[in-house]
Amino acid sequence: MLTCTVTVAALLLAAAVSADSHDFTHHASLKDDDYFIHWKFDDTSITFNVTARTTGYVALGFSPSGGMKGADIIIGWVKDGKVTIEDRHATGKQQPILDTKQDVEILGGSEDGTFTTLLFKRKRQTCDDQDFEITESTMRLIWAYRDGDPDTASGPQYHSSNRGVKSVYLLEPFRQEQQQPLPADAYSIDLLNDKVHIPNDTDTTYWCTGFLLPKFNGTHHMIRVDPIVQAGHEAVVHHIIIYGCPAGFNRSDLHMTGGVCRSENMPEDFNNCEHLLYAWAIGGESQSFPDHVGLPFGGQDDPRFVMVETHYDNPGLRSDYVDSSGMRMWLIPRRRQYDAGVLMSGMQTNPLWFLVPPHYDDYYTWGQCSAQTMAKALAQQPDGINVFAVNLHTHLAGTGVWLRHIRNGVELPYIAYDDNYDFNFQELRFLKNEVKVLPSDDLVSYCRYKTSSRSTVTKAGLGTKDEMCLTFAFYYPRVPGWSFCLGYPKQEDLVKISTGLSYTTLYDGFVLNITAPAKHAGIGRLDSVFGDVDWTNATVRQKYQEIARNAIHAEYYGRDEYTVGAYVDVKTPYTLPNTCQSPRTTVVTYSGQGRARLAVTFQALVVLIFSVAAGLV
């Protein structure tokens, strides 16, 4: 049954309109000082206070892709002392259609001659096909406003240029430490690039700069990090990572001008700066660590030198970008209860093993850190670790990322996930509840890609148009010397999608030396081999996904430390709770035929990995 538009008297609800009076925990500006929102949520519902510079209608929508098509849109206005709020949906670039079922509860509204404010509430899951479920994934908020109240008969008219889209993490847990002032003894260290002339001969540049830290008197804890992005460069500075360098770092290599990472001009010692300390990405804001955790500096095993890696994205190849962005670390001259660490896990970013085929609506890949590896890495930490925050990372083709957690074959709730991933919004996600990870657990970084508009294979790599599959888990207590766990499959398994190849195997099939046909000849040239595969054939695509899913993996978790063939077998996959009657979609899962073990000598393979990463092969 069609539910008519609901109106309430604004005067009766005027007291409810104030954002302050409702104890809103989150806020965002969608257009400078012209459109902003406050919100709060509980386990079942979410409440919004929306204000825009207009005396007409205000629209706020939830979109799967940032456009009108498929969006769930709420439109409201105040006319003659009455508040009207409508629940609508869009099928394209046209007037949104009134929903059959109205799922918005009006709480109030006002108009003061300059601004219109709407206060409303809705369930996070309405079980209405015309509504968008609000989850822990990235939500693309589309917004619009227009002067002049809508005509009752014709409905809201076109908003012209008063529109936009912004990605927001609506269900970010409220954390008291984010609201607290810094301690009186806190001090800052700035790690800033020094007038970097961003190259204009490539759209992607990774710039590395080294910094000597001050001499600490005892252990100091980093408790907060502020991104410092130069004004006007918000779309250019894509991510910044701080790496710790080993104790034997050559001080003469430190220079504020820096250089292109992994190039001949970069100091050789920078290649050893691989201890991940902190990662920030576009869309992220200042973040404070939990009150009982800090990142240590000043100890015997802590870095005195750091390398800052800045990813610049310059698709227009502009030559006038000169950048001094960086990070500000806030420290206290004392130790909190626990030292924090960061674990980077996922797929080894290397085109020898990691390629994303074209023409897929959904292609899945993953890097695993199996129980065998975890037991070795956590040998000195038998009680396990506690994860308190996660950053999820792919490039442009990525549409979903999960950090999965398996215990004795049973998958536990995702540690973190984003089923609506946005490359341009990669905020560090602090968890509502810390997650205990045991030495006997498996961790899987699981990524989904959409390549239906691509006609060629996408390689793993650092460029924006290349791909990655990584998660960064912030945890405590820190495990000294452990900052990554990266996986990759056997090439000999992956080439089963092709026919007519002649090759010899290296490292028990993890690398192939292709001898024929001649056009594919060479070490590990999967990109060339895959160029001949008919990826437009749906049967071929399905077959390759199965091949990739069942390939034997190796896991690289230390400079010379590997686990081989530790095949994660998920007997009972996790599914998100479903409060509706109809089944819901979850991630594609994989299963194995038990755990295989291989005996492989990896010293030479280590050299090969770093050679490919440096562009030497």
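Worth pointing out:
- Length-normalised contact order for the range 459-534 - Cα pairs under 8 Å, 6+ apart - percent: 20
- Label selected from (i) -0.74, -1.14, -1.27, -1.35; (ii) -0.60, -0.83, -0.94, -1.17; (iii) -0.48, -0.80, -0.97, -1.32, the criterion being log10 I(q)/I(0) by the Debye sum over Cα atoms at q = 0.07, 0.09, 0.10, 0.12 Å⁻¹ as computed here: (iii)
- For Y421, distant residues with modelled amide H under 5 Å away: G400, V401
- Whole-number D in µm² s⁻¹ for the range 49-194, Kirkwood Cα-pair radius fed into Stokes-Einstein, 10 °C, 1.306 mPa s: 93
- For the listed residue pairs K465/K496; K490/K519; K450/K543; K82/K166; K82/K121; K31/K432, the alpha carbons are over 23 angstrom apart in K465/K496; K82/K166; K31/K432.
- Contact order normalised by residue count of the range 175-338, Cα under 8 Å, 6+ apart, percent: 49
- Computed lengthening from N265 to E546, 0.36 nm per intervening residue step minus Cα-Cα distance: 96.9 nm
- Placing unit charges on the Cβ atoms of the charged side chains and taking the dipole of the chain about its Cα centre, the candidate lying farthest along the positive direction among V511, P577, I74 is V511.
- Efficiency of FRET from Cβ geometry, S65 and T152, R₀ 30 Å, rounded to 0.05: 0.45
- Across every pair of non-identical alpha carbons in the range 167-301, the mean reciprocal distance, once inverted, gives a Kirkwood radius of 17.2 Å.
- Calculated FRET value between D194 and D23, using beta carbons and R₀ = 35 Å, to 0.05: 0.20
- Mean sequence separation of contacting Cα pairs (under 8 Å, at least six apart), scaled by the length of the chain, corresponds to a relative contact order of 12 percent.
- Within the chain, helix-based [θ] at 222 nm, where runs of 4 or more DSSP H residues each add -39,500 (n - 2.57), nearest 500: -2000 deg cm²/dmol
- Residues with amide H under 5 Å from that of L276, placed H, sequence gap 5 or more: G244
- Shape of the range 267-326, Cα gyration tensor, a/c cut at 1.5: oblate
Every read-out reported here was derived from the displayed coordinates using simple, explicitly stated rules and does not represent laboratory data. Every value quoted in this text rests on a predicted model; they were computed, and no experiment measured them. With ideal geometry, Cβ positions are generated from the backbone for all residues, glycine too; neighbour counts draw on all protein chains shown.
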